[in-house]
Amino acid sequence: MSAAGERIEAIRRAWGGRLVILGHHYQRASVLEHADHIGDSLELSRKAGSAKGAERIVFCGVRFMAESAVLLGGEGQSVYMPERTAGCPMANMADEDQLEQAWRDVTASGGKWAPVVYVNSAAEAKAFCGRHGGSACTSGNAKGVLEWAFGSGRKVLFAPDEHLGRNTAADLGVPDEDVALYDFRAPGGGLVPAELRAARLVVWKGFCLVHTAFTVAQIERVRREIPDAKIIVHPECPREVVSLADEHGSTAAIVKYCDAAPDGATVVVGTELNLIERLAKKHEGRIRIKALNPSVCANMAKTNEENLLSLLEQWPETCRVTVSGAVAADARLALERMLSL
Ligand code: SF4
């Protein structure tokens, strides 16, 4: 272990149960060595809430995750991030004003509507959703949340990830022509009222840079070069990539798929590289795991042992993550609705 790593461990021992370090699956291995829990964003936020006696939570991930830990965390807990500039470009593609404008646009077209926001969004976006009777969702439960919204007789405005929206709609058998794309940079979302009236689902034109780096050409190459390989991709990948893969699913589903793969199999995975490398190591000698394309989240990579150590030694207020009271109350509504479904 590095010198910085040894010091981190000494601080962890001194704090005991009063300190909990959470590490997202996409973090580098040298950071995850120090995590009490490794998981996806929602799983980790729930760990924060259930960590009785934990005074300080350190979230090694990106800002929206730390905000969710604040929203779902326990009384008297403070949440910190080692690198305060670690944000998510996709979450930043949907701000509150843009969402409120979109809400005015879709509701003006008539019919009843529900907003659904992916947890990969800012607290303000979740608050918008909670205020208008909608629900948050994860990549693992998006199907159930959309079923809930459609089941209540409403049409859906889905933000901020176009691809998760389209892929989930396809899983539910919603025809492509019932899905419209809202371009938040264009007046009226670039849609005319007749298009909004015809749509059952309006998806936001946001995307994850990491998962849109996977292409049809990469899948075709794998099919040519390793014909017996199985390909699994994350639903933040474009629709045409997902439709050519053998399987698609959330981070948890990808982990499970690799765990269940038969001995000797080759699994090609389309998601963030750090997770793929960890899975490859875990299954080394049993199955072969390869990246469809080595795609790294630059924001996840901002956290390292050095800034983790510096946080644990100095606890600067600038690294503390907070969510203001009014935003938190509405954002919790969206998260709690999701958890109750
Ligand atoms: S992998 Fe994509 S969605 Fe996740 S934090 Fe990075 S940019 Fe955001």
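The values are calculated or read from the model by the stated rules, or taken from the named source; none is laboratory data. Just so you know, these numbers come straight off a predicted model, no measurement behind them. We place every Cβ from the backbone using ideal geometry, glycine too, and count neighbours over all the protein chains shown. Ligands, DNA and RNA are excluded from the accessible area calculation, which covers all protein heavy atoms including side chains. Shrake-Rupley method; radii C 1.70, N 1.55, O 1.52, S 1.80 Å.
Summary table
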| read-out | value |
| --- | --- |
| Close pairs from region 98-120: first closer than 21 Å to Cys137 by Cβ, partner among the hydroxyl-bearing types (Ser, Thr, Tyr) and open to solvent by 30 Å² or more (accessible area, probe 1.4 Å), Cβ under 7 Å, at least 6 apart | Trp113/Thr107; Ala114/Ser152 |
| Strands (runs of 3 or more DSSP E) lying entirely in region 15-103 (those with 1 or more residues that are open to solvent by 40 Å² or more (accessible area, probe 1.4 Å) and either farther than 25 Å from Gly133 by Cβ or within 13 Å of the ligand (Cβ to nearest atom) (or both)) | 37-39, 56-60 |
| Test: residue in region 177-184 that is aromatic (Phe, Trp, Tyr), surrounded by 16 or more Cβ atoms within 10 Å (Cβ to Cβ) and in a loop (DSSP other than H, G, I, E, B) | yes |
| Test: residue in region 246-255 that is within 26 Å of Glu9 (Cα to Cα), outside the structural domain of Trp15 (by TED's automatic domain parsing) and open to solvent by 70 Å² or more (accessible area, probe 1.4 Å) | no |
| Selected residue (only one of Gly151, Gly140, Gly144 is of a type in the set (Gly, Ala, Ser) and over 19 Å from Asp40 (Cα atoms)) | Gly151 |
| Search result, residues across region 286-303 that are over 30 Å from Lys230 (Cα atoms) and open to solvent by 40 Å² or more (accessible area, probe 1.4 Å) | Lys302 |
| Residue match in region 152-159 (condition: within 24 Å of Cys88 (Cβ to Cβ), touching a Ser or Thr at 6+ places or on another chain (Cβ under 8 Å) and open to solvent by 10 Å² or more (accessible area, probe 1.4 Å)) | no |
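One line per residue, one yes/no per condition, for (1) more than 19 Å from the chain's Cα centre (by Cα); (2) assigned to a loop (DSSP other than H, G, I, E, B); (3) closer than 21 Å to Glu9 by Cβ; (4) among the hydroxyl-bearing types (Ser, Thr, Tyr):
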{"position": "Leu275", "(1), (2), (3), (4)": "no, no, no, no"}
{"position": "Gly285", "(1), (2), (3), (4)": "yes, yes, no, no"}
{"position": "Lys290", "(1), (2), (3), (4)": "yes, no, no, no"}
{"position": "Ala298", "(1), (2), (3), (4)": "no, yes, no, no"}
{"position": "Glu306", "(1), (2), (3), (4)": "yes, no, yes, no"}
{"position": "Leu312", "(1), (2), (3), (4)": "yes, no, yes, no"}
{"position": "Val323", "(1), (2), (3), (4)": "no, yes, no, no"}
